[in-house]
Amino acid sequence: MERAYEEWMAAFRELRKQQQFIFSHAKELKLSHQSLRDILKEMCKGIVDIMKCERVSIWLYDEKHNRLTAQHFYDSYHSHHDSGEVLERSDYPSYFHAIEQERVLAVDDINNDPSMEELKLWYFHQSDPMAGLIDATILLSRGLGGVVCCETRNKRTWTLQDRILIASIADMVSIIFDRLHRIELEEHLHRLAYTDILTGLHNRHSFDEAVTNQLRKQGTEQRGMFIYLVLDQFSEVQSALGQDSAAQLLRMIGERVRELFPPPAIAARFAFDHFLIYSPYEGQIDQELLFRRMELISNELRRPLFISGQEVFMTFSYGISLYPDHTDNAQRGVQHAYMALESGRQKTKRRSRGIYEPHMQEYVKQAMFSEMNLRKGLDAHEFKLFFQPQVDMDGIVKGWEALIRWDHPERGLIAPSGFIELAESTGLIIPIGEWVIKQALRQLSEWQRRGHAYLTMSVNISPRHFLHPNFPFYMRKCIDDYGVEPIHFLLEITENVALENHVAVQKRIEILREMGFHIAIDDFGKGYSAFNYLQRFPVNQIKIDRQFISGLGNDTKSRSIVETIVHLANMLGLHTIAEGVETEVQWDIVRELACTGAQGFHFAKPMPVEEADRLLAISGSRVKLPTIYIPE
């Protein structure tokens with residue numbers, strides 16, 4: 001049906017009017033999901049006038065292009081607006097194929113067009129069926145986006161001008177949805193930059209910015225507190241629950257923090273299980289009252305969480321700094337609150353608390369100097385290896401564990417507990433670990449050269465070092481350099497290694513096993529998921545944690561635990577070493593339970609290499625402990 005010239009001119013005028021309508025909304029950033037409905041409503045009314053049709057609908061694809069969903073539906077005859085209708089590709093394959101072949105699909109008679117083969121049944125079931133249809137695809141910047149559909153009650157011969165108009169209309173609609181997509185993308189990027197995605201709280205960047213703005217607006221009488229809050233032992237809990245449940249736990253805690261510190265307080269999560277809060281208040285508050293308030297808040301946070309059908313109880317540690325007493329800006333407020341937290345955690349690792357005091361700055365300086373001293377100690381060869389024997393069930397020494405000590409020129413001999421944590425936090429754990437491996441292999445090679453070919457050497461490897469990309473290559477080079485068979489050199493890892501990345505740990509163990517090394521799990525049973533590791537990781541040996549061995553003889557539960565571990569290890573073909581055997585009673589029970597080996601003060605304390613040499617020299621090839629041995 002040809003349209004008169006005046007009709008075409010009116011249609012083009014209406015088209016230009018619609019263009020202005022769309023451009024004005026796009027330019028003025030009025031687009032949002034809330035405003036889109038009204039915009040589409042006005043657009044569909046205008047399209048009805050332009051195309052001289054009875055019904056107009058705008059559809060968008062899903063991500064996989066298997067479904068079209070009506071964003072807006074307008075029936076001019078009934079003045080009815082609707083949305084949400086869905087067309088599935090599987091139900092209407094002919095129609096989907098047709099609209100994806102050409103820019104414009106013009107159907108003069110729905111009942112007799114092959115592209116309507118399945119769709120016509122749907123139309124004929126409508127209370128007010130349509131006879132003619134013309135569709136144009138919506139082309140978005142990211143590809144095919146959807147369809148603009150115009151329908152008539154009567155059959156209609158669509159002209160070239162109709163095709164041009166509907167294509168122009170589809171292009172205008174694409175402007176709307178492209179602009180909305182860009183706005184949503186910008187909002188998403190803003191959320192990524194300013195929001196912790198897991199909890200919806202601020203991230204560290206936006207926390208500093210928000211607190212800075214609030215401090216700028218606060219009156220002279222207003223004060224505030226910075227709270228640095230950390231979950232206790234979250235890594236162990238995550239290992240027990242799994243990553244998905246642990247993420248759910250963090251979300252729930254984030255929601256509690258949000259409820260306990262509503263605006264104008266500002267809350268953030270960053271660095272895994274760390275939370276920051278700035279909470280303004282007026283007037284003065286003494287330290288005791290501050291701790292009482294925080295205790296009430298901590299009690300709320302400690303309420304059980306129900307995750308995956310089980311109750312989970314968490315505890316928290318925190319540090320506090322006050323504005324303007326301790327700081328004049330957000331960054332320093334967070335730093336001082338963290339210092340207070342760390343000061344409290346020097347006394348206890350769980351449920352610790354602290355409030356900032358100026359002397360804590362000295363502690364930070366001391367830590368910095370300790371790092372400098374640690375680097376200097378490594379360069380100045382101040383570290384030494386001590387060796388503790390490991391015996392079989394007859395008391396015969398079968399191997400040694402190499403244990404590092406720092407022979408500090410001023411502080412004397414320092415045990416690993418005095419510097420390993422600092423080494424891990426500064427990255428020095430890798431060069432220190434490499435030094436230990438090299439020295440231990442050198443000493444084992446020397447002992448084997450003297451005729452003690454049966455001896456093994458065990459070395460504890462930190463998680464960071466164990467997963468370092470260069471670790472297998474370094475081990476291969478050292479083995480080749482000192483001519484030691486890998487099977488004689490045991491690499492001990494703690495259960496904490498498995499908290500890093502299960503897949504990476506498993507692959508690393510498999511690589512080292514293929515190279516010939518044996519892998520032992522140190523402090524076995526100390527963590528929440530010890531038995532899961534045996535199923536997941538192909539280790540050779542487990543060292544039963546000393547807390548269970550120390551209870552042998554006076555605690556039936558400890559005996560039951562050790563017996564269970566040994567029985568499980570035997571079933572899996574693993575060796576067991578009882579750590580921390582200190583008494584004859586413990587030694588008798590360990591032998592009764594048939595451990596593979598033992599280690600502890602009952603046999604010998606860690607000794608310098610000179611004492612180990614004398615012990616091996618006077619005892620020949622069969623060193624039996626415990627024995628009366630007085631070093632020279």
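The values are calculated or read from the model by the stated rules, or taken from the named source; none is laboratory data. The model shown is predicted, which means the values in this text are computed figures rather than measured ones. Here Cβ is always computed from backbone atoms with ideal geometry, including for glycine, and neighbour counts include all displayed protein chains. Side chains included, ligands, DNA and RNA excluded: accessible areas come from the protein's heavy atoms. Shrake-Rupley method; radii C 1.70, N 1.55, O 1.52, S 1.80 Å.
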Projected onto their principal axes, the Cα atoms of segment 60-174 stretch, largest extent first, over whole-Å spans of 35, 32, 30
quick shape note, the chain: Cα extents on principal axes in Å, largest first -> 119, 66, 48
Along segment 320-336, Karplus-curve 3J(HN,Hα) (6.51, -1.76, 1.60; θ = phi - 60°) to the nearest Hz, with x for Gly and Pro, reads 10, 10, 10, 9, x, 4, 10, 7, 10, 8, 5, 4, 5, x, 5, 4, 5
Here the net charge surrounding L215, from other residues whose Cβ is less than 12 Å away from its Cβ (Lys, Arg +1; Asp, Glu -1), is +1
For the chain, any Cys whose C-beta has no other cysteine C-beta under 4.7 angstrom counts as unpaired, and these are C44, C149, C478, C595
Along the dipole axis of segment 378-452 (charges at Cβ: +1 for Lys and Arg, -1 for Asp and Glu; origin at the Cα centre), the most positive-end residue among H381, W406, L444 is L444
Pairs over 24 Å Cα to Cα, from K398/K543; K477/K507; K347/K543; K45/K155, come to K347/K543
If amide H atoms are modeled at 1.01 Å from N in the peptide plane, then the residues at a separation of 5 or more from I355, or on another chain, having amide H under 5 Å from its own are I320
The answer for the per residue Cα convex hull volume of segment 374-494, in Å³, is 123 Å³
Most packed first (mean Cβ within 10 Å per residue), the peptides 128-134, 225-231 order as 225-231, 128-134
Non-local residues with an amide H under 5 Å from the amide H of I414, with H modelled 1.01 Å from N and Pro and chain starts lacking one, are W406, D407, H408
Of all trypsin sites (Lys or Arg not before Pro) in segment 259-344, the ones in DSSP coil with at most 15 other Cβ atoms within 10 Å are R302
Descending packing, highest mean Cβ count within 10 Å first, for 151-161, 179-189 is 151-161, 179-189
A 1.4 Å probe over the protein heavy atoms gives the chain a carbon and sulfur accessible-area percentage of 50 percent
Over the chain, with neighbouring protein chains present, the accessible area per residue in Å² at probe 1.4 Å is 50 Å²
The answer for chymotrypsin sites (Phe, Trp or Tyr not before Pro) in segment 72-139 that fall in a DSSP coil and have at most 13 neighbouring Cβ atoms within 10 Å is Y77
Computed ³J(HN,Hα) along segment 93-102: with the Karplus parameters 6.51/-1.76/1.60, θ = phi - 60°, integer Hz and x for glycine or proline, the list is x, 5, 5, 4, 5, 5, 6, 8, 8, 9
The ³J(HN,Hα) series, computed from each phi in segment 544-551 with the Karplus coefficients 6.51, -1.76 and 1.60 at θ = phi - 60°, rounded to the nearest Hz and given as x for glycine or proline, is 5, 4, 4, 5, 7, 5, 5, x
